[in-house]
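Some notes on the structure that comes next.
Taken together, the values in this text are just the output of simple stated rules run on the coordinates, not laboratory data. Being a predicted model, the structure only gives us computed values, none of them experimental. Using ideal geometry, Cβ is built from the backbone for each residue, glycine included, and neighbour counts are taken over all protein chains shown.
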Amino acid sequence: MGVQDPVEQVGDGEHPAEAGGDEDRADQPDRTDEADRVPRSARCLVGVLFVALLSAGLIGFELWPMTAWRMFSAPRGETQNFWVLEGVAEDGSTREVELTELPMAYSNAEWPLRSVNWNSAVESEEICQVLVEAVVEVDPDIVELQISRDGRRLVREDSDWEDGDHVRTVGDWVIVTEDRDVKHACSAEGGR
Amino acid sequence: MTTASAKQGAPEASSAGVVARLKSWFDDTLWGPETGARLYVVHVGLSVLIGLRVVLGPYRALADTPEPLVDPVPLLFWMQEMPPLGVIIALQVVGGVAALAAVLRRNVRLAYAVAWFCYLILAAYRGSRGKVLHNDLLLLWVSAPFLLAPLGETLRDRIPKRIYGWPIRVAITMTALVYFFTGFHKLRRTGFEWVFSDNMSNIMRWGPSIGEPALPDAATWIGNTTWVAFLAGAFLFSLELTFPVVLLWRRLQPFYAVLAAMMHVGTWFVLGLDYWAWAITVPLLLVNWPELWERLGDRPLGSRLRRSP
């Protein structure tokens, strides 16, 4: 049996013998080291973090950065409400204005739109005005903006539905507008 | 000792044994030992991730958010409107430089804390537009214990110690709890119908509320193929609810890391949801990269192979 050249594993500047000793102890926890204790400050920090994490997670409240971690928890049925912007042109024609047409700062605007449901008229008008200003930048033909709650439904493509209600086709299914309720409207004149 | 007293003592000894085992498990789960090499890799990895999120995140666009559309998170309760663009850029620059310093191990504790704080504030700005955004929350939470992580560890520290282990073990525990809560609230709010109904199909058909899927046709196909939607839903639901098993059987941690990464990559493709921070954070924490490196190669991470003369 031949003798292979021993391959030594060394760290930079380490003596081979020391490296070999470390390697022997590599997987053995040093339980006799009295200094190997978790500091009290760390235990306090961990305690605070877990109280915050567990309380929000178990009870289910939102107090950012504390959160319940509710992601896709609500059931998705065949009907869903959306808050949408509908632009009205001078000739009376209407079209839905997608939030993706607006600058990124407006991408989450659907959530403030919902507050139109319970806001005062003044607060709703403020929201509407900032949105119509942004919409007019994108589409100068729009003279009025409507904030609507749009009740939509998933229907089979081969079922009965009106062309005007069509929102989007998803394979064998179609998303259609079932009911559109205008909650607030504002003119673009103030934004020009 | 009589037979009667011996029998009476047996249940008490048994319950005391169970309590002792639970305490031991709890102690090991949170404060168990890990090598300095593993801590080094995780600490540097988190610093890189935080730096990337701070520098590459879409925070500059937030400066244009009109005041009526601002809904400040509780952490920024005093905020009436978004800060000026200059403030946001300053936070990104300072946070990015601090993260780089932490990666290069320069004034690590201060640098890491500054980077983490800048990240916290920027993520808070992003979340101050009416909707709770979870994209950055996992990374923020699991990187918090490292604010007090020990310093001076290197890739050559291969002796497991509790002083090195606690930040990693705590972060892993937090990760397991976070995934569990996502599944728990699905169960709480929808029940098992989350899986055993058209729920997953409808999620695919309705699409995301923000953003666009990278592969909309894939989302449509999943939504319209009943058995695929069912399997996808069952996979997500069971992965989240069972995540805490990684605290009982640590050998499962790498597998759950891979599954979680797959889930987040998949949701990006079919729903366009940006969870790449989650997809990288979970494997970073749950996989012992120095140990894996040693197993794949013949030398420890941070060492140099030298043949003796």
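Structural remarks
- Placing pseudo-labels 7 Å out from each Cα toward the beta carbon at A:F61 and A:D158 gives an inter-label distance of 5.3 nm.
- Couplings 3J(HN,Hα) for the stretch A:40-47, derived from phi with the Karplus relation 6.51 cos²θ - 1.76 cosθ + 1.60 (θ = phi - 60°), are 4, 4, 5, 4, 5, 4, 4, x Hz, where x marks Gly and Pro.
- Here the residues B:W276, B:W194, ranked from fewest to most Cβ neighbours within 10 Å of their Cβ, fall in the order B:W276, B:W194.
- DSSP beta bridge pairing in the protein assembly as shown, given as percent antiparallel to the nearest 5: 95 percent
- Once backbone amide H atoms are built at 1.01 Å from N, B:T225 has no partners under 5 Å, excluding neighbours fewer than 5 places away on the same chain.
- Across the stretch B:109-118, computed HN-Hα scalar couplings (Karplus, 6.51 cos²θ - 1.76 cosθ + 1.60, θ = phi - 60°) run 4, 5, 4, 5, 5, 5, 4, 5, 5, 4 Hz from first to last residue, x flagging Gly and Pro.
- The stretch B:74-130 - Kirkwood radius from inverse mean 1/r over Cα pairs (Å): 11.9 Å
- Report summary: the helix-based calculation at 222 nm, which adds -39500 (n - 2.57) for every DSSP H run with n ≥ 4 and divides by the residues of chain B, gives -21000 deg cm²/dmol.
- Annotation: amide H of B:K161 within the under-5 Å range of B:E34, B:T35, B:G36, sequence separation 5 or more or interchain, hydrogens built in the peptide plane.
- Unpaired cysteine residues in the protein assembly as shown (no second Cys Cβ under 4.7 Å): A:C44, B:C118.
- What separates the Cα centres of the stretch B:102-178 and the stretch B:201-266 is a distance of 26 Å.
- With θ taken as phi - 60° and the Karplus curve 6.51 cos²θ - 1.76 cosθ + 1.60 applied, the whole-hertz 3J(HN,Hα) list for the stretch B:225-239 is 10, 4, 5, 5, 4, 4, 5, 5, x, 5, 4, 4, 4, 6, 4 Hz, x standing for glycine and proline.
- The Cα atoms of chain B give a gyration tensor whose axes a ≥ b ≥ c have a/c of 1.5 or more with a/b no greater than b/c, which makes the shape oblate.
- For A:W83, the residues whose amide H sits under 5 Å from its own are A:D150, ignoring neighbours fewer than 5 places away on the same chain, with H placed 1.01 Å from N.
- When +1 charges are put on Lys and Arg Cβ atoms and -1 charges on Asp and Glu Cβ atoms, the dipole computed for the protein assembly as shown relative to its Cα centre reaches about 2860 debye.
- Only the Cβ atoms of Lys and Arg (+1) and of Asp and Glu (-1) were treated as charged; on that basis the dipole of chain B about its Cα centre amounts to roughly 1240 debye.
- Principal axes of the protein assembly as shown: Cα extent on each, largest first, Å: 93, 64, 53
- Residue exposure proxy: B:H43, A:H166, B:H185, ordered by other Cβ atoms within 10 angstrom of their Cβ from fewest to most, comes out as A:H166, B:H185, B:H43.
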